[in-house]
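The values are calculated or read from the model by the stated rules, or taken from the named source; none is laboratory data. These numbers come from a predicted model, not from an experiment. Please note: Cβ atoms are built from the backbone with ideal geometry, for glycine as well, and neighbour counts cover all protein chains shown. Each accessible area value is taken on the protein alone, full model and side chains, heavy atoms only, with ligands, DNA and RNA left out. Shrake-Rupley method; radii C 1.70, N 1.55, O 1.52, S 1.80 Å.
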Amino acid sequence: MTIDAGTVTLRGDLVISTIESLSWAAAAQSGATTINLDAVGRFDTAGAWAVVELDRALSPQGRKATLAGATDLQAELLATIRDNMPDDGAPAAPRRTIAELLDTFGRRTAHSFGQAIAITGFLGQVVSTIAYLALHPRQVRWTAMFYHMQQVGLSAVPIVSLMAFLIGVVLAFQGAAQLRQFGAEVFVVDLIAISILRELGILLTAIIVAGRSGSAFTAAIGSMKMREEIDAMRTLGLDPVTILVVPRTLALIFMLPVLGVIANAAGLFGGALMSWIELGVSPGVFQIRFATNTDVWHFGVGMIKAPFFALIIGIIGCYQGMQVEGNAESLGRLTSLSVVLSIFLVITADALFSIFFAIVGV
Amino acid sequence: MPQDPIIRVRGLVTRFGTHTVHDGLDLDVMRGEIIGVVGGSGTGKSVLLQSIVGLLKPASGQITVFGQSVRDTSDHDYRELRKRWGVMFQDGALFSSLNVQQNVEAPMREQLDLRAETRTALARIKIRMVGLHEDAFDKLPAELSGGMRKRAGFARAIALDPEIVFLDEPTAGLDPIGAAAFDKLIAQLRATLGLTVFLVTHDLDSLHAICDRIAVIAEKRVIATGTMAEMQEVDHPWVAAYFKGPRARAALAQKDIA
């Protein structure tokens with residue numbers, strides 16, 4: 001760029017990769033009134049934009065700078081750009097005041113309560129649909145239900161049993177270190193049996209299933225929502241709750257207790273194995289002590305909780321899937337929310353059950 | 001005027017499993033022209049587009065763009081090559097978590113080192129150039145209509161002032177007025193930006209209105225290329241049915257009136 005006798009002459013390529021090096025300050029100060037494009041090489045929209053900006057810089061009070069040496073094509077491009085210049089300076093985002101922060105906090109809190117009410121409403125809808133289907137079993141989607149039973153149940157057996165086995169091993173190992181100090185090694189059987197049957201077996205299974213199947217429910221239903229499949233179902237007179245939510249929820253309600261039993265067995269096996277290796281409690285002793293000392297209600301307490309956990313995971317997973325909007329980000333956000341929320345609610349329910357069982361004394 | 005083809009496809013063979021889509025397909029695209037690629041559904045028009053831009057590896061054949069092979073090139077050369085073309089997919093394929101302006105800025109952000117203000121200004125000009133209103137700058141793709149998504153996709157395709165733009169059915173699913181406006185937009189930008197346009201389309205009106213040349217894909221290869229008038233003379237049952245059917249006659253008649 002050279003400035004000479006009221007004319008700004010531009011040289012070389014004016015393209016998107018070169019315009020950043022140009023500055024119009026000197027040109028604007030010189031008071032030049034003509035822009036010469038004679039020596040310009042390649043010229044693209046970014047270059048045209050730069051020329052329009054220069055033109056503006058040279059004509060502060062509506063004085064029009066003269067353009068010289070532009071080819072027809074360049075002139076046409078300049079005209080196009082000039083027509084499409086956006087209005088100046090979008091307003092910068094205003095600083096957030098304390099009042100606004102409080103406002104956001106309030107809105108989020110209200111939103112959470114609204115969510116709680118909406119989830120309860122969804123629960124009611126699902127339960128009433130299940131009740132209706134109990135009276136009209138022909139309308140149940142059996143194929144879908146058995147498919148989901150396989151997905152959430154059978155396919156989860158390896159990971160659930162491995163997890164429970166390791167928990168049994170850890171309990172025996174940790175318990176052994178403490179109990180050996182009192183010479184009370186044999187009590188490790190009670191420790192393992194009670195903690196696994198009552199709490200850990202079913203709770204950890206529910207957490208794994210929430211991570212595995214709850215997220216899958218949200219993702220599957222959410223992507224159907226994104227592709228308007230849910231709307232398509234509604235227009236065909238098909239009820240998405242009957243078709244999508246009930247089979248998944250029922251599959252979980254049937255399969256989670258089964259997975260719980262498997263987890264219990266694997267956990268006890270792991271515990272017994274470790275007790276034998278670490279404490280010398282032989283499998284025979286373990287079995288006798290387990291059979292005589294462990295109340296069957298410990299098992300019962302664990303199993304009673306299973307269907308409730310399953311309902312929580314199923315409802316949350318499907319509900320969040322239904323909330324997905326048109327973009328991929330909301331799908332991801334809601335999938336992770338679904339897992340976090342269902343694990344949180346499972347643990348909350350577990351705590352409530354503990355209080356309840358303490359009161360009724362089992 | 002004699003010139004080298006900007007895109008040159010020779011003996012392209014594409015297979016999916018045992019299904020052969022292209023078998024020895026040849027095509028030349030000249031600099032500055034708008035070429036319309038037509039063919040029945042499933043004849044591999046979009047597949048051809050994907051092969052040319054390097055998204056699909058063909059089984060065999062030569063594809064050169066700007067005289068450079070797309071297939072046998074280093075990552076670096078391919079990256080340089082990619083800066084010189086823009087692709088608009090069916091339905092825009094906008095990034096759904098970014099707003100329109102961020103979508104158009106995305107290629108500039110990746111490929112060039114520009115100041116934020118420059119990028120914003122250029123992106124906004126591009127969005128206005130494709131005929132979107134300023135309200136659309138900070139809208140998410142999910143909040144746009146189908147036609148607006150296509151326009152935004154086009155704005156993203158021309159963000160870097162490419163030499164070639166590939167458009168996959170730009171007017172499909174638009175109302176006739178919107179489609180005509182889009183055709184006009186393509187022609188206008190071709191004139192001002194000197195684009196070469198590779199247009200995959202079913203739209204006879206588009207072919208009439210803006211295409212310099214038409215390439216017909218059938219029987220796994222390009223069976224005919226030429227202007228609209230030349231297409232009327234081609235002696236092939238599919239071409240005859242396509243260009244002499246009732247819709248084609250309607251499109252022709254419309255052009256005569258106009």
Subset of segment A:298-311, residues touching a residue at least 60 places away in the same chain (Cβ under 8 Å) and open to solvent by 30 Å² or more (accessible area, probe 1.4 Å), comes to A:H298, A:F299, A:M303, A:L311
Test set (1) in the same structural domain as B:D203 (by TED's automatic domain parsing); (2) touching a Gly at 6+ places or on another chain (Cβ under 7 Å) - B:A179 fails condition number: (2)
Residues of segment A:211-250 being outside any helix (DSSP H, G or I) and closer than 22 Å to A:E329 by Cα, which ones? A:R227, A:E228
Looking only at residues that are in contact with a Ser or Thr (Cβ under 9 Å, 6 or more places away or on another chain) and either within 14 Å of another protein chain (Cβ to nearest Cβ) or of a type in the set (A, V, I, L, M, F, W, C) (or both) in segment B:41-65, which one is surrounded by the fewest Cβ atoms within 10 Å (Cβ to Cβ)? B:A59
On the basis of being assigned by TED's automatic domain parsing to the domain that holds B:V216, touching a Ser or Thr at 6+ places or on another chain (Cβ under 6 Å) and outside any loop (DSSP other than H, G, I, E, B), does B:V38 make the cut? no
Lone qualifier among A:V160, A:V170 - being open to solvent by 50 Å² or more (accessible area, probe 1.4 Å) and either modelled with pLDDT of 95 or more or farther than 15 Å from A:T249 by Cβ (or both): A:V170
Of the residues in segment A:247-297, those that are hydroxyl-bearing (S, T, Y), more than 30 Å from A:W142 (Cβ to Cβ) and either in contact (Cβ under 8 Å) with a residue 24 or more places away in the chain or not assigned by TED's automatic domain parsing to the domain that holds A:V169 (or both) number 2
For segment B:16-53: of the residues being of a type outside the set (F, W, Y) and out of contact with any strand residue (DSSP E or B) (no Cβ under 8 Å at 6 or more places or on another chain), which is farthest from B:H236 (Cα to Cα)? B:G17
Restricting to segment A:129-150, count the residues that are open to solvent by less than 70 Å² (accessible area, probe 1.4 Å) and either touching a residue at least 12 places away in the same chain (Cβ under 8 Å) or outside the structural domain of A:Q320 (by TED's automatic domain parsing) (or both). 8
Limited to segment B:120-132, what total is found for residues that are within 17 Å of B:D161 (Cβ to Cβ) and surrounded by fewer than 22 Cβ atoms within 10 Å (Cβ to Cβ)? 3
Test: B:R124 is at pLDDT 85 or above and not assigned by TED's automatic domain parsing to the domain that holds B:K45: yes
The one condition in (1) more than 9 Å from chain A (Cβ to nearest Cβ); (2) open to solvent by 60 Å² or more (accessible area, probe 1.4 Å); (3) touching a residue at least 12 places away in the same chain (Cβ under 8 Å) that B:G146 fails to fulfil: (2)
In segment B:66-109, how many residues are under 17 Å from B:D138 (Cβ atoms), open to solvent by 60 Å² or more (accessible area, probe 1.4 Å) and not polar (S, T, N, Q)? 2
Condition first: assigned to a loop (DSSP other than H, G, I, E, B) and farther than 30 Å from B:A191 by Cβ. Now tell me which residues in segment B:18-35 satisfy that. B:T18
Does segment B:104-114 contain any residue that is within 14 Å of chain A (Cβ to nearest Cβ), in contact with an Asp or Glu (Cβ under 7 Å, 6 or more places away or on another chain) and farther than 25 Å from B:D212 by Cα? yes
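Residue by residue, here is whether (1) under 15 Å from the mean Cα position of the chain (by Cα); (2) open to solvent by less than 40 Å² (accessible area, probe 1.4 Å); (3) closer than 18 Å to B:I214 by Cα; (4) of a type in the set (S, T, N, Q) holds:
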residue	(1), (2), (3), (4)
B:R8	no, no, yes, no
B:R15	no, no, no, no
B:H19	no, no, no, no
B:D26	no, no, yes, no
B:G36	yes, yes, yes, no
Is it the case that some residue within segment A:279-297 is under 30 Å from A:L123 (Cβ atoms) and surrounded by fewer than 23 Cβ atoms within 10 Å (Cβ to Cβ)? yes
Using the structure shown, decide if B:L199 is of a type outside the set (D, E) and either within 13 Å of chain A (Cβ to nearest Cβ) or open to solvent by 10 Å² or more (accessible area, probe 1.4 Å) (or both). no
Go through segment A:251-362 and tell me which helices (runs of 4 or more DSSP H), entirely inside it, have 3 or more residues that are within 19 Å of the chain's Cα centre (by Cα) and farther than 19 Å from A:S161 by Cα. A:296-322, A:328-360
Could you please tell me which pairs satisfy a Cβ distance under 6 Å, a separation of 6+ or placement on different chains, a first residue in segment A:214-242 that is open to solvent by 30 Å² or more (accessible area, probe 1.4 Å), and a second residue that is aliphatic (A, V, I, L, M) and part of a helix (DSSP H, G or I)? A:M224/A:I230
Yes/no for A:V324 being within 14 Å of chain B (Cβ to nearest Cβ) and open to solvent by less than 30 Å² (accessible area, probe 1.4 Å): yes
